[in-house]
1. Suppose each label sits 7 Å from its Cα in the direction of the beta carbon; what would the A:Glu55-A:Glu89 distance come out to in nanometres?
2. Would you work out which of A:Val259, A:Asn151, A:Asn231 lies farthest towards the positive end of the dipole of chain A, given +1 charges on the beta-carbon of Lys and Arg and -1 on that of Asp and Glu, about the Cα centre?
3. Please find the FRET efficiency linking B:Ser252 to B:Arg394, where r is the Cβ-Cβ separation and R0 is fixed at 51 Å, and quote it to the nearest 0.05.
4. Working from the pairwise distances between different alpha carbons, so that the mean of 1/r is found and then inverted, what is segment A:162-273's Kirkwood radius in Å?
5. When every alpha-carbon pair in segment B:364-418 is counted, what percent end up more than 16 Å apart?
6. Roughly how far apart, in whole Å, are the Cα centres of segment A:253-301 and segment B:203-248?
7. Where a Cα-Cα gap under 24 Å defines reach, which lysines qualify for A:Lys256, not counting those fewer than 8 residues away within the same chain?
8. Can you give the calculated 222 nm mean residue ellipticity of the protein assembly as shown, where each DSSP H run of n ≥ 4 adds -39,500 (n - 2.57) and the sum is split over every residue, rounded to the nearest 500 deg cm²/dmol?
Amino acid sequence: MDRLERKDILGLQDMTQSEIQLILDTAISMKAVLARPVKKVPTLRGKTICTLFYEPSTRTRTSFEMAAKALSADVSSISTAGSSIVKGESLKDTLLTLQAMGIDAFIMRHQAGGAPHFAARTVQSHVINAGDGMHEHPSQGLLDMLTILDNKRRLEGLVVTIVGDILHSRVARSNLWGLTKMGATVRLAGPKTLLPAEAERLPVETHTNVDAAVEGADVVNVLRIQLERMNSGFFPSIREYARLFGINKERLRRAKPDVIVMHPGPMNRGIEITPDVADGDFAVITDQVTNGVAVRMALLYLLLGGGRNVGTA
Amino acid sequence: MWVLLKGGRVIDPSQGIDELADVLVRDGRIEAISGARSAISAPDGGSGEVYDVSGKVVAPGLIDMHVHLREPGAEHKETIETGARAAAAGGFTTIVAMPNTDPPPDNRAVVEFVMGRGQETPINVLACGAMTKDMAGQEMAELGDIAEAGAVAISDDGHPIQNSLIMRRVMEYASMLGLPVLTHCEDKELTADAVMNEGITSTVLGLRGMPSAAEVSMVQRNILLAELSGCHVHIQHVSCAGSVEAVRRAKSRGAKVTCETCPHYFAVTDEALAHYDTNAKVNPPLRTWADVAAIKAGLADGTIDIIATDHAPHSLEDKEVEMTVAASGMVGLETALPLVVTKLVDEGVLSLHQAIEKLTWAPARALGLDRGTLSEGAPADIVIFDPEAEVTVRASEFRSKGRNTPFDGWKLRGAVVAAIAGGRIVHGELSVRGAERKVLSGKERQPLPR
């Protein structure tokens, strides 16, 4: 397999193991490109990519833009503020208008689950989901897997514990589909109020006791806890959340000695993760960010660039 | 003027009839049904036509006690006229218009407007009044006026009264007026921002879910308040196992409760949303296969009295949007009968006789109508359909303005051949006995004077 036989990247749930493997392998070659003194290849010259963000984002958007530019694509960026979106234009009309301008691929973030699926049906251009509501964030799932691969040289047989607000997390969903397809065991842990309905029917273990969830883990992926969740009554206080569900050094002793700790950012230091863990030896959080650019280059290259070897491009 | 329907299989649950017989209609009323071994010959006097309906089922015109006709206020989605055409095409000769219009029928004038517009259509359009002013769930509407204007029931539709004290008072007042109270059961706190059933499918799709408990708790509350107030409560669109069980227990202790379900609750599940198809977004939401099984069991044992459609037409621009902002609801008038035949009768859940009862006599009884029967002297509302014929659902060909159905392209069994309302053919075509086929389309007919 040397190319993706699909128009869109909407989620990891509907992706095969060999597709995921291809993306990860391609991302590793892209890392080589990013390590060169001149971090640019001409592969996507003449292609136009549009980031269409209906939710605020700094790192995902910048990461996609850097990836597109490293492949020499042209990038235009649209966000909800200062666009016709605030004038009440429908998503359908926004997409059709941009397509008519010659957009080859849309990178889309939206607060509604399924919005990229709607986009994919509406336009002939490629659509990459950069996070849709509580549904999926496939490039984050892929960059998390690449980061684990960097450190563990394999995914199969690993135990990956994801801690925090699972209910609202698209990162957790993309991770669980990707990791389980690659043969890892996934544990989801958090307060009962922040575990989704019938989570026990997912191909994962679910825990409300974080100590048990961390026991013997190879990877601990800590999710951001949003302060608004406390105000909505999902848990009583930041203090209690940090005490019962926060990842600290003490808790990490239950994991494997070579455990790595990940966080999709942005972090609330002292709440879901203590500073000594975030800055400690097991943390690979900045590696995730670097890998994000490589994974997004791989996605753009495989969707828009065809199967040529990037090294000779 | 008379009409003679010869040789059909007459099914009239109101009289326990299921036999080959002839039906004679004169001056808009049922005049006679022949016995199994006798026949009715064409009357000598007056003008009339003899139709050959052999091989077809002849039943009372279907009654749908739950439709949204969008007029006044959203005529781009449906009008009373287009809704009535859709109804006739689906075999329905009586429909009850729900009150979520703009303005709502929370007063005599709007009820009279709806009834008046209904009289301009070829079928019977009845009004359901609002329970509270603006359906805001706070102040009781002028229910006495609404009853006098001819509303057959009251409801606050998809804006159910959350405050139990206000609900109790409305029920007490309605019982004094003899008005059934139709309730959409939903605890709005438990369903805030939700778009589908809560369960593994909503978890995987990352969409906010409505737990069944949000429906069941309100079903229980409304039954308890109805028992307290002596009111006839009717539970609309039962969608889940818990509601079926709640109604079953209430009936076993003699509570004055009836309930309905809709074809989509026994034909599809929340898996219909797996590809973010907004046409499958409806409230209450499509549930699970376990709920479908419970709905079928409730239909079979009589817990669920009635099948209604909750026909909810929406325009394309209300559905061609993100799931979170898409309008809830699906059209149902033109797919109900084939779904009932295919999913209930063919699968052995109900006999054809039982299915027809839930579409005719049962809703007539719940609302106190003199329809849904072929008994002598009753209004001649009749549906003629072929339960064997295969049909393919084509949303683009609906008479309704709404195209929002999850059943587009489905192959089903059970085709409406013709509908007769007040003695006149209002939809379809029938073969004239001993002559070539005569085409009678509803469009060529004058509205029935009243």
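1. A separation of 2.2 nm, rounded to one decimal place.
2. Of the candidates, A:Asn151 comes out farthest on the positive side.
3. Working: r = 43 Å, r/R0 = 0.85.
After rounding to 0.05, the efficiency reads 0.75.
4. On the way: mean 1/r = 0.0714 Å⁻¹.
Taking every pair of different Cα atoms in segment A:162-273, averaging 1/r and inverting gives 14.0 Å.
5. Working: 916 of 1485 pairs.
Within segment B:364-418, distances greater than 16 Å cover 62 percent of Cα pairs.
6. First find each Cα centre; the distance between them is then 46 Å.
7. Partners found: A:Lys152, A:Lys181.
8. Working: 25 runs with 236 residues, N = 763.
Estimated from H runs of four or more residues: -9000 deg cm²/dmol.
Throughout, read-outs are computed from the coordinates displayed, never taken from laboratory work. Not measured: the values here are computed from a predicted model. Positions of Cβ are backbone-derived with ideal geometry, glycine not excepted, and every protein chain shown enters the neighbour counts.
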